[in-house]
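Following: one structure in structure tokens, then a few remarks.
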Amino acid sequence: MAVHTGKVKISFVAERVLRRIVLAVFLLMWPVLGINVAAQDAAPAISTAPLPLDTVVDNLVRKNEERSRNLLHSRATRVYHLSYRGFPGDREAEMTVEAVYDSPATKTFKITSESGSKIILERVFRKLLEGEQEEELPEMNSRTQLNRDNYEFALGGYDSSSNEYELAVTPKSKSKYVYRGRIWVDGADFAVTRIEAEPAKNPSFWTKRSEIRQRYVKIANFWLPARNESTSYIRLGGRAVLTIDYKNYQLYDAQQGPPLVSENGAGSDQ
């Protein structure tokens, strides 16, 4: 790009800075989730927990592996929305995607609609989709699984009203694909129902702090993402909020077989 005036040069530099800031957002998502906010909540009593930590973790790992084996195929609609407020200017975009998973490790995406900032569409949303496909590679998948090889676990509490265990999780190594924070585990299905965390590794110099929350919904025999919200605070004073809503799940269960199990509106607020 030829630069002819001081005004054009400033605009060009500002756009480059924005690209680096927005690019940082996609690194927050694995799975993919702020400690600072969550730490203010009162922790449930540990003394009432019916099962010890080791048993909860053993059951969580075993049931996760079982559910993974049984999920042969899934299809869902995702709505990505990102709003950035700050230097050098506000930006916003939305993309709707049809996501298809086939066991054991194939994911394909079809973009059905998009609007808003081209920078966000190209440099954030598409990078998110590429990163998710990359994570399905066996060598990457093994390093991000929620198990004792990759994480340390501590019992934070137990809520008898919801039959949920609260666990603190700390990754054994830092990378952009793992997180540290808190997870809640259903006491009957031993599945993660929600996550509040932050990336184990700061995704960018431009990112001062990131908070990630993910909520899951039970459909048939599976617990699947319902909504993800990630907030990034930028060193220059900006703030980016990325949300992903998951809807219209269709599942193929190895135990139930055809037809597909359908559930509409799974990502809507409850």
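The values are calculated or read from the model by the stated rules, or taken from the named source; none is laboratory data. Model, not experiment: these values are computed from the prediction. No Cβ is skipped: glycine too gets one built from the backbone with ideal geometry, and neighbour counts run over all protein chains shown.
Some points to look at:
- Residue pairs meeting the criteria (Cβ under 6 Å; at least 6 apart or on separate chains; first closer than 11 Å to residue 169 by Cβ and at pLDDT below 90, in the stretch 138-152; second of a type in the set (Ser, Thr, Tyr) and surrounded by 13 or more Cβ atoms within 10 Å (Cβ to Cβ)): none
- Test: residue in the stretch 207-224 that is modelled with pLDDT of 95 or more, surrounded by 17 or more Cβ atoms within 10 Å (Cβ to Cβ), among the acidic types (Asp, Glu) and part of a strand (DSSP E or B): no
- Condition check for residue 167: buried (at least 17 other Cβ atoms within 10 Å of the Cβ), in a strand (DSSP E or B) and touching a helix residue (DSSP H, G or I) at 6+ places or on another chain (Cβ under 9 Å): yes
- When residue 239 is tested against (1) exposed (fewer than 14 other Cβ atoms within 10 Å of the Cβ); (2) of a type outside the set (Ser, Thr, Tyr); (3) modelled with pLDDT under 90, just one condition goes unmet, and that condition is (3).
- Scanning the stretch 178-188 for residues that are in contact with a Pro (Cβ under 9 Å, 6 or more places away or on another chain) and either crowded, with 22+ Cβ neighbours inside 10 Å or part of a strand (DSSP E or B) (or both) gives 178, 179, 180.
- Residue 249 satisfies every condition listed in (1) touching a Lys or Arg at 6+ places or on another chain (Cβ under 6 Å); (2) closer than 19 Å to residue 97 by Cα; (3) at pLDDT 90 or above except (1).
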